[in-house]
Amino acid sequence: MSTESIPHSEFPISNFSAGLPVEVGRIEKELGRLWENTGDKTRASLINLAIYTEASENVAKNTELISQIATEHACRAILIYANRTAPEIGVKAWINAHCHAVNKKEICSEQITFQLDGKSPTAFANVVFAHLDSDLPFCLWWQAPFHEPHDSKLWSWVDRLIFDSNKWDDPAGQFPIVRQIAAFGDVRTVLCDLNWTRLLSLRSALAQFFDHSNALPCLGNIQAVEIVHAPGARVSALLLLGWLANQLGWQLDSVLGRHSFRSADRREVTFRLIEETGAGISSCRLMTKLSKFSVDRASGGEFFHATATGGPLDSFSQILPAGRQRIADILLKELSRGGSHPLYLQSLAIIEPLLAE
Amino acid sequence: MLHMPSDAPNNPLREGLLSRSVPEPCTLVIFGATGDLNHRKLIPALYNLAADGNLPPSITVVGFARREKTDAQFRSELETAARKFSRQKINDELWANFAGSIFYHQSEFTNFEGFETLAKRLDELDSQRGTRGNRLFYLSVGPDQFPVILENLRKSGLNESKPGSWTRVIVEKPFGTDLPSAIELNNIVHEAFHEKDTFRIDHYLGKETAQNIMVLRFANSIFEQVWNARYVHHVQITASEPLGVEGRAGYYDKSGAMRDMVQNHLLQLLTLTAMEPPTDLTADAIRDEKVKVLRSLRKITGKDVAKYTVRAQYAAGSVNGKEVVGYLDEQNVPKDSQTETFVALEANVDNWRWAGVPFFVRVGKRLPKGATEIALHFKGVPPVLFHQTEQVIDDNVLVIRIQPDEGISLRMSAKLPGSSLRIEPVKMDFHYGTSFGKATPEAYERLLLDAMAGDATLFARRDEVEEAWKFVDAIKEAWDSGQGGPVVKYDSGTWGPDEADALVKRHGANWRRL
């Protein structure tokens, strides 16, 4: 294990490498030394952001990501690379700092990177427990598939469990595990599926059609939903569908393998998920007998064209922000939102039968 | 402040997306659209709201002003301004879309026909753009123009809401120049608009830290317990600026610091600091509590003004390394002007919570630096233990910084490391900019959005304005009758006259070093 000490002159400003190697037992001490004699640099921290990955190539990517996140969310970042195929159990550590200028001051966030070799059942929880910045919220971004068994003590410490269901090979198998983890936290842990966060702008764009009382009744007359999504974004499309169904009181109705929804007044609401090349969800249309409400992603990707036509409404069209789809932007959005996401689990419950198809 | 969702029928798709009221499609008519406020603040704010997806669909902006110009010319001028003053970089596609919603209507404010044609044009825009008859009139003009505009709005029927629609008016400060004029102005406004549809802007209330005062007080159990006369020795509210009158002498010399700043911004901050917890977060519940504070303010009348207030005027001096002239030598300022550019006063809130706690208010031009803050100075610890070692122990101070560098700090005492017992003040400091890297929205963004949503929490109610004038008028009357003595001088670039220091020293306090 490396025990290299850090000369004061070597302030390890992030270059997207893991940073300076340190002995695991001396991390806090070395971090303390790091912040001595740093002139106009200010250490700031609002959250603990731990990232767990099982891919070595993700260490550099995540370090770059942390650097971007730190510009808006000062944090103590703990990046954990689990090298589960290593023959021997062991832990290596590095420290790093990400600084950016704010009003002539340099504001810095710390990063501690761990490499966990082998399949130690307790090493992950230990490095997390030992290096959290006390009293600050703990956000854990789990970038790997969830494995069983779970360490309930670890999960009960997590305030926000972040994951991306679009990355899963087996969403039907993963969601039940996620539910189980959420239950460990004694309803404290907020599940933050980045796939759900991705839908935020699109949900807002759809919702704004119905802010006016003239348009509101149309929600009760929707007959069909069409969602166009990229090949890798079926779970996103299903979540969007689940959200609409949950909010509008539709129940999934499956007859001989054909799925549709039933509204509270027993009307049928059909849906089509259309797979097309592109990124994410490119279009969503809600149709009543007389009106059509469309949200289409503009070619550049940063805006939606929202159009309402027909029926008792004045037709109109407007441009709305679609939000950037880079993973750093999605994560920033999620961290900025805060709060719990009760609709997520409700929406998920509705479309769970469709996940395996 | 926090906001509950609107009482309008619920849009189920909005659940979980927003924690504030949702604005409806509307037309915003800006009177004085070629003026500075529109270019620097309103249009950039509207663009930023559009860029963040917060504007209601079909929002339409109609500029109303005297000068002759086309829609295209108006849009072009506004684009130049938005590129200069917007907090977000202008996106060409988004601007093009937003600019398509902007129109220009040329007319004199006194020309009734101009309002008739405006009414027709608004009807046309309603049907073209789907704004559904909702109208928000923004009086971005001097108060002398209010009566004629409001009168013409009324005569042309533009003040009336159509069935299922709303009509509101936003009024910029100053809301009158004294109580009678404020009452008159409010009566004129009310001839055209109901109080519930009247939104009096005080942009200080749109600032994040001002909104955070209630969160700090009522969402943290440790502060509210000590937020009273038992623990607080005194409160200091300061708004300082290094600028002089900067070409506004015509307005400023009639107004002075008391009317320009104390009557509105500083008394608003005082009410937020001193108010009781509201019953809920609705606009009227909060404003009810603020009004109670204003009613509890002990009036400063007659000879008391000499004891409780200081008024002063800047003399020549040095600010930021530059030699500057005194107030009387500023362009367009009468040589015998008695207008105050500095006010310090001791206010007393005569209620159960604050009995005996002075609220020191200080505002001035040509001071060493620009800063607005509220500081609660807590009572000292009993004079035992550490006092016996000839230590000077500074009292705890909780500071809420409104601008610049918005944040909160707490001063407390700590032992210096070492074998001897030395106690020094240390500061725990929270900076919005450091902790939340994202730029906070401009005050006007929040306020415009709230007005479109019909949420009046951050706007001054009629009784607030009038109660504030009662307090200020009493002082002004005493000053004008000579009971406060002459206006004293202070050198530009200093923190005001010695008399201001004496005001707080009487209570064993000192003004904070900012």
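The values are calculated or read from the model by the stated rules, or taken from the named source; none is laboratory data. Just so you know, these numbers come straight off a predicted model, no measurement behind them. All Cβ positions, even for glycine, are placed from backbone atoms using ideal geometry, and neighbour counts span all protein chains on display.
Can you list the strands (runs of 3 or more DSSP E) lying wholly within the stretch A:263-354 that have 2 or more residues being facing chain B (nearest Cβ under 10 Å) and either in contact (Cβ under 8 Å) with a residue 40 or more places away in the chain or farther than 30 Å from B:Gln128 by Cβ (or both)? Let's see the steps before the verdict.
On the way: elements: A:268-275, A:281-287, A:291-297, A:303-310, A:316-321.
Correct list: A:303-310, A:316-321.
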(message) Of everything in the stretch A:88-113, what is touching a residue at least 60 places away in the same chain (Cβ under 8 Å) and either aliphatic (A, V, I, L, M) or under 15 Å from A:Glu23 (Cβ atoms) (or both)? Give them in sequence order.
(response) A:Gly90, A:Val91, A:Lys92, A:Ala93, A:Trp94, A:Ile95, A:Ala97, A:Ile107, A:Ile112, A:Thr113
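Only one of B:Asn332, B:Asn351 is in a loop (DSSP other than H, G, I, E, B), in contact with a Ser or Thr (Cβ under 8 Å, 6 or more places away or on another chain) and surrounded by fewer than 22 Cβ atoms within 10 Å (Cβ to Cβ). Can you tell me which?
Working: B:Asn332 fails: in contact with a Ser or Thr (Cβ under 8 Å, 6 or more places away or on another chain).
After ruling out the rest, the residue left standing is B:Asn351.
Among the residues of the stretch A:179-192, is any of a type in the set (Ser, Thr, Tyr), away from chain B (no Cβ under 14 Å), part of a helix (DSSP H, G or I) and touching a residue at least 12 places away in the same chain (Cβ under 8 Å)? Let's see the steps before the verdict.
So in the stretch A:179-192, the residues of a type in the set (Ser, Thr, Tyr) come out as A:189.
Checking which are away from chain B (no Cβ under 14 Å) leaves us with A:189.
From the residues that got through so far, the ones that are part of a helix (DSSP H, G or I) too are none.
Scanning the stretch A:179-192 turns up no residue that is of a type in the set (Ser, Thr, Tyr), away from chain B (no Cβ under 14 Å), part of a helix (DSSP H, G or I) and touching a residue at least 12 places away in the same chain (Cβ under 8 Å).
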(request) Can you tell me which residue within the stretch B:390-449, out of those that are among the charged types (D, E, K, R) and in a strand (DSSP E or B), is farthest from B:Leu37 (Cα to Cα)? (result) B:Lys415
(message) Just the residues that are touching a strand residue (DSSP E or B) at 6+ places or on another chain (Cβ under 7 Å), on the phi < 0 side of the Ramachandran plot and among the small types (Gly, Ala, Ser), please, taken from the stretch A:295-336.
(response) A:Ala298, A:Ala306, A:Ala308, A:Ser315, A:Ser317, A:Ala322
(request) Could you check, for the stretch B:131-152, whether at least one of its residues is within 14 Å of another protein chain (Cβ to nearest Cβ) and at negative phi? (result) yes
(message) With the requirement that a residue be within 12 Å of another protein chain (Cβ to nearest Cβ) and charged (D, E, K, R), what does the stretch B:412-446 give you?
(response) B:Asp429, B:Lys438
(message) For the stretch A:164-192, which positions are more than 14 Å from A:Pro145 (Cβ to Cβ) and either surrounded by 16 or more Cβ atoms within 10 Å (Cβ to Cβ) or modelled with pLDDT of 90 or more (or both)?
(response) A:Ala182, A:Phe184, A:Gly185, A:Thr189, A:Val190, A:Leu191, A:Cys192
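Would the stretch A:234-245 turn up any residue that is basic (Lys, Arg) and either assigned to a strand (DSSP E or B) or within 12 Å of another protein chain (Cβ to nearest Cβ) (or both)?
Our first condition is that a residue be basic (Lys, Arg); within the stretch A:234-245, this holds for A:234.
Next cut, either assigned to a strand (DSSP E or B) or within 12 Å of another protein chain (Cβ to nearest Cβ) (or both) only: none.
Looking through the stretch A:234-245, none of the residues is basic (Lys, Arg) and either assigned to a strand (DSSP E or B) or within 12 Å of another protein chain (Cβ to nearest Cβ) (or both).
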(request) Mind telling me which of the residues B:Thr339, B:Thr372 ends up being under 24 Å from B:Asn212 (Cβ atoms) and crowded, with 22+ Cβ neighbours inside 10 Å? (result) B:Thr372
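Scanning for something in a loop (DSSP other than H, G, I, E, B), modelled with pLDDT of 90 or more and over 20 Å from B:Glu477 (Cβ atoms), does the stretch B:263-275 turn up at least one residue? Walk me through how you get there before you give the answer.
At the first step, the residues of the stretch B:263-275 found to be in a loop (DSSP other than H, G, I, E, B) are B:275.
From the residues that got through so far, the ones that are modelled with pLDDT of 90 or more too are B:275.
Now narrow it down to the ones that are over 20 Å from B:Glu477 (Cβ atoms): B:275.
Yes, the stretch B:263-275 has at least one match.
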(request) Test each condition in (1) β-branched (Val, Ile, Thr); (2) touching a strand residue (DSSP E or B) at 6+ places or on another chain (Cβ under 7 Å); (3) without any contact (Cβ under 8 Å) to a residue 60 or more places away in the chain for B:Thr117 and report the one that comes out false. (result) (2)
(request) Tell me which residues, restricted to the stretch A:246-262, are farther than 22 Å from A:Cys192 by Cβ and either among the aliphatic types (A, V, I, L, M) or within 14 Å of chain B (Cβ to nearest Cβ) (or both). (result) A:Leu248, A:Gly249, A:Trp250, A:Leu252, A:Val255, A:Leu256
(message) Tell me whether the stretch A:197-214 contains one or more residues that are of a type in the set (Gly, Ala, Ser) and away from chain B (no Cβ under 14 Å).
(response) no
